[in-house]
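See below for the structure under consideration.
The values are calculated or read from the model by the stated rules, or taken from the named source; none is laboratory data. Since the model is a prediction, treat every value here as computed from it, not as a measurement. Cβ sites come from the backbone with ideal geometry, for glycine too, and all protein chains shown count toward neighbours. Just the protein is used for accessible areas: all its heavy atoms, side chains included, with ligands, DNA and RNA removed. Shrake-Rupley method; radii C 1.70, N 1.55, O 1.52, S 1.80 Å.
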Protein chains: 2
Amino acid sequence: MTIAFHHHFRNGDYILNRVVAAIAQKGIKGLTLAPSSLNDINEAIIPFIEQGVITAIETSGGRGKLGRFMSSGKLSKPTIIRSHGGRARAIEAGELKIDVAFIGAPCCDASGNINGINGRSACGSMGYAMVDAAYADKVVAITDNLVPHPVFPISIPQTQVDFIVVLDSIGDPQGIASGALRISRDPRELLIAEYATDVIEHSGYFKDGWSLQLGSGGASLAAAKFIKEKMLAQKITASFGVGGIAAPFIDMLEQGLIKTIFDVQDFDIPSIESLKNNPNHLEMSASYYANPHNGGPIVNNLDVVILSATEVDVDFNVNVITDSNGIIMGASGGHSDTAAGANLAIVVAPLLRGRLPMVLDRVNTIVTPGETVDAIVTERGIAINPRRTDLIDNLKDTRLPIMTIQELQKMAYDMTGRPEPIAVSDEVVAVIEYRDGTIMDVVRKPL
Amino acid sequence: MTIAFHHHFRNGDYILNRVVAAIAQKGIKGLTLAPSSLNDINEAIIPFIEQGVITAIETSGGRGKLGRFMSSGKLSKPTIIRSHGGRARAIEAGELKIDVAFIGAPCCDASGNINGINGRSACGSMGYAMVDAAYADKVVAITDNLVPHPVFPISIPQTQVDFIVVLDSIGDPQGIASGALRISRDPRELLIAEYATDVIEHSGYFKDGWSLQLGSGGASLAAAKFIKEKMLAQKITASFGVGGIAAPFIDMLEQGLIKTIFDVQDFDIPSIESLKNNPNHLEMSASYYANPHNGGPIVNNLDVVILSATEVDVDFNVNVITDSNGIIMGASGGHSDTAAGANLAIVVAPLLRGRLPMVLDRVNTIVTPGETVDAIVTERGIAINPRRTDLIDNLKDTRLPIMTIQELQKMAYDMTGRPEPIAVSDEVVAVIEYRDGTIMDVVRKPL
């Protein structure tokens, strides 16, 4: 059987570990675990994988001890890593068949209507859980906040919920959402953010009614500050903003710079409050967000997305999953979905991380294919995908340090030398699915 | 192929007739027409049925010329009549497979996000269309109000829409929604409404947090007036109200007597305005409303429903489809769904219609089975289903004219004489499906 969980509680999640422990206690083995993502807190399940309770994982990625464990080859099957849109697609297509979805419910009534905006474990949008609830054979709502019927607004309807379990506590509010995510003060990140904003300004997409998504990484979030300044100065408003939502976006919404927010997940308390109170702030499912095989996910309407990267290569391919030792340490998330959907996909990253160059001949793990990446912005130079002659043309008269990706790579290699390739075995420990289900790459067990 | 339409535009609908005419022009024949319901205006399709463009109908019922046509046996297959919940169930189960859903969209953006609350053809809730959009192979939105992306609130998401067609006009606002539906001034209807309210008051269900649905018939709607007075006097509030919504419910919502409204369809302009402006007024799909095979439709949470009837019988069975000549002249709607779901299902009707008694030995067409009907309220007497000994007990000390159903029937027959049975042929012209898909009854062609 396959069991699913949402990761809206992030490092405050009490549900996944507790349910897996309870399943283990019953002596059940051989399950596939299919959460929308995994967080550090979920490393508590490693012993249950070792005992064979869980023998396969299908998720967005892994971090810390769990990422290292996934990379170790100790699971009987390779982990399947999907983007958020790819997971929604796989569920709707029946490729990822969920037998039981366990859904942490911050606010739930006795008939099973659920929302994520009320209660001590409020997490905001329930976007990932919405797909699980709609398609799982059985849906178990787990709540620490059972309230009188009917709960509304309704994120997950009573028509999809089969069982309701009441616990004292389903999560740690401190771990679920932070205070307002603040803009970085790191000068390098700020410079990258400023360059990225300049690229947007001159790209041809920066005009009234445009739309944008910002990643939650430092430089990507910092771009909000500069974008906001330019929008105010030029009296430009955006029709919508998308994504995992954080305070800088809420600020732009409240100032009328963004007319609508589509929210699949909230990173901080101001975002949760905004979803609760602002009618222009809309909750959406992971399918509405990014499933490429429905009638049109909102990522396909995006003008601009700013994304992070672990490493990129001269073909503009991006890795966000494995580190410089080949170990799984990140998640696919909406990276490849938004890069493919947006008219302008900008990847921001420092040119060097410590003594390691960020631009390689070939990334260790391709998550987002280069043909969907339009610009790579570092603190020392900006490379535009040569397929985008229109962009190159639009940017040629700016003062931006535009160069070829090879020049960018050379600049890095001149400082660090050519990095040693990672030594890996033949054993495949993870499979990277693209949003449409094709296999984009595999992760091999590092030696 | 099967084509589907919603009936939210009622007698103002331009879509169904126009699409069927266009299909006929292409020379296509042998289609099944599966609208959520049909209105008088749709009698324009009769020639296309005669030409074989449409050879089968699956819907909620029929009225006027179309009802008489359905009863004539000229369709190659018997019409399948389903309740609103039964239709949602059949669609979700794959029994009613919709190839193309044509959806009149009062407000639509270029990506296909739709709502029913804005535009000159505003109809309010899109509840019936939501099921069609979610399950049809192809979805065609037809709008006279294409607005900038993104439309919100979103009743039907862009992920479900395949094509968008823009017309000058999709409906006649005068026919779509009336001004505020007013409470009847007919003394007989008011007396029936008052009796029904008294039954509710003493039933055991009239307490804080109760829930209710009122039909749109005269006596049933008039009950809102008396219920409201009793709720104010006894300081009782309802947790929710359900149904096709009209002004008297909105009045109760705005006075705080009803905390939430679940709205599958709007009958008048105040209801559309309320859906647009009041966050406690929630749109719901026909599946959420009444599909008995999902995890729990809202009708199953109902305490009380007041329903109309064409005729009832001594076993408490109700007919709302055929008239005293056996001709189809009504629709199943949510009748059997709410009767089954509610704790107390009250059927209101005059004891006589002209010279015809309303209580028969056996109704001509069973739509709602007697085991789900708890009380029959007329202006001359009230019969409680003998299965409901608890109700009989609760009502025994009131001044209400409680009697057996046989006494009620005798009172009618003493005035009218025993009615002649309707002469019918062997030919089945319509099949009445119960909410769960079982065949409840058939309609035979009258001689």
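Do we have any residue at all in the stretch A:382-392 that's open to solvent by 20 Å² or more (accessible area, probe 1.4 Å) and touching a strand residue (DSSP E or B) at 6+ places or on another chain (Cβ under 7 Å)? Outline the logic, then answer.
Filtering the stretch A:382-392 down to residues open to solvent by 20 Å² or more (accessible area, probe 1.4 Å) leaves A:386-390, A:392.
Going one step further and asking which of them are touching a strand residue (DSSP E or B) at 6+ places or on another chain (Cβ under 7 Å), we end up with A:392.
Yes, the stretch A:382-392 has at least one match.
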(request) Residue by residue through the stretch A:269-307, note down the ones that are surrounded by 21 or more Cβ atoms within 10 Å (Cβ to Cβ) and either more than 14 Å from chain B (Cβ to nearest Cβ) or at pLDDT below 95 (or both). (result) A:P270, A:S271, A:I272, A:S274, A:V304, A:V305, A:I306, A:L307
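When you check B:I366 against the structure, is it farther than 30 Å from B:S36 by Cα and either small (G, A, S) or out of contact with any Leu (no Cβ under 7 Å at 6 or more places or on another chain) (or both), yes or no? Outline the logic, then answer.
Values: farther than 30 Å from B:S36 by Cα: no; either small (G, A, S) or out of contact with any Leu (no Cβ under 7 Å at 6 or more places or on another chain) (or both): yes.
Taking the combined requirement at face value, the residue does not satisfy it.
Mind checking which residues of the stretch B:318-332 are open to solvent by 10 Å² or more (accessible area, probe 1.4 Å) and either closer than 11 Å to B:A375 by Cα or within 15 Å of the chain's Cα centre (by Cα) (or both)? Spell out how you get there, then give the answer.
From the stretch B:318-332, those open to solvent by 10 Å² or more (accessible area, probe 1.4 Å) are B:320, B:323-325, B:327, B:329, B:331; that's our starting set.
Scanning the stretch B:318-332 gives B:V320, B:M329, B:A331.
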(request) Read through the list (1) part of a strand (DSSP E or B); (2) touching a Lys or Arg at 6+ places or on another chain (Cβ under 7 Å); (3) among the aliphatic types (A, V, I, L, M); (4) over 30 Å from B:L96 (Cβ atoms), then give the number of the only condition that B:V428 fails. (result) (4)
(message) Between a residue in the stretch A:314-335 that is in a loop (DSSP other than H, G, I, E, B) and any residue that is basic (K, R) and modelled with pLDDT of 95 or more, which pairs come within a Cβ distance under 6 Å, given they are 6 or more apart or on different chains?
(response) A:I327/A:R68
(request) Determine if the stretch A:224-247 includes at least one residue that is more than 22 Å from A:T372 (Cα to Cα), within 11 Å of chain B (Cβ to nearest Cβ), in a loop (DSSP other than H, G, I, E, B) and open to solvent by less than 50 Å² (accessible area, probe 1.4 Å). (result) no
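Do you know which of the residues in the stretch A:162-191 that are among the β-branched types (V, I, T) and in contact with a Cys (Cβ under 8 Å, 6 or more places away or on another chain) is surrounded by the most Cβ atoms within 10 Å (Cβ to Cβ)? Spell out the reasoning first.
Going through the stretch A:162-191, the residues among the β-branched types (V, I, T) turn out to be A:164-166, A:170, A:176, A:183.
Keeping just the survivors that are in contact with a Cys (Cβ under 8 Å, 6 or more places away or on another chain) gives A:164, A:176.
Details: A:I164: 20, A:I176: 26.
Across the stretch A:162-191, the extreme among qualifying residues is A:I176.
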(request) State which residue pairs qualify: first residue closer than 11 Å to B:L31 by Cβ and inside the stretch B:42-58, second residue of a type in the set (S, T, Y) and open to solvent by 40 Å² or more (accessible area, probe 1.4 Å) in any location, beta carbons under 6 Å apart, and separation of 6 or more residues or different chains. (result) B:T55/B:S76
(request) Looking at (1) open to solvent by 10 Å² or more (accessible area, probe 1.4 Å); (2) closer than 30 Å to A:G73 by Cβ; (3) under 22 Å from the mean Cα position of the chain (by Cα), find the lone condition where A:A340 falls short. (result) (2)
(request) Say whether the condition of being closer than 22 Å to A:T372 by Cβ and more than 14 Å from the chain's Cα centre (by Cα) is met by at least one residue in the stretch A:268-282. (result) no
(request) Look at the stretch A:93-146 and say how many of its residues are within 14 Å of another protein chain (Cβ to nearest Cβ) and aromatic (F, W, Y). (result) 1
(request) Quick one: in the stretch B:248-258, of everything that is in a helix (DSSP H, G or I) and buried (at least 19 other Cβ atoms within 10 Å of the Cβ), which residue is nearest to the other protein chains (Cβ to nearest Cβ)? (result) B:L253
(request) Tally the residues that are more than 14 Å from every other protein chain (Cβ to nearest Cβ), open to solvent by less than 10 Å² (accessible area, probe 1.4 Å) and among the small types (G, A, S), restricting the search to the stretch B:69-92. (result) 4
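B:T365 - would you say it is buried (at least 20 other Cβ atoms within 10 Å of the Cβ) and farther than 18 Å from B:N325 by Cα?
On the way: buried (at least 20 other Cβ atoms within 10 Å of the Cβ): yes; farther than 18 Å from B:N325 by Cα: no.
Taking the combined requirement at face value, the residue does not satisfy it.
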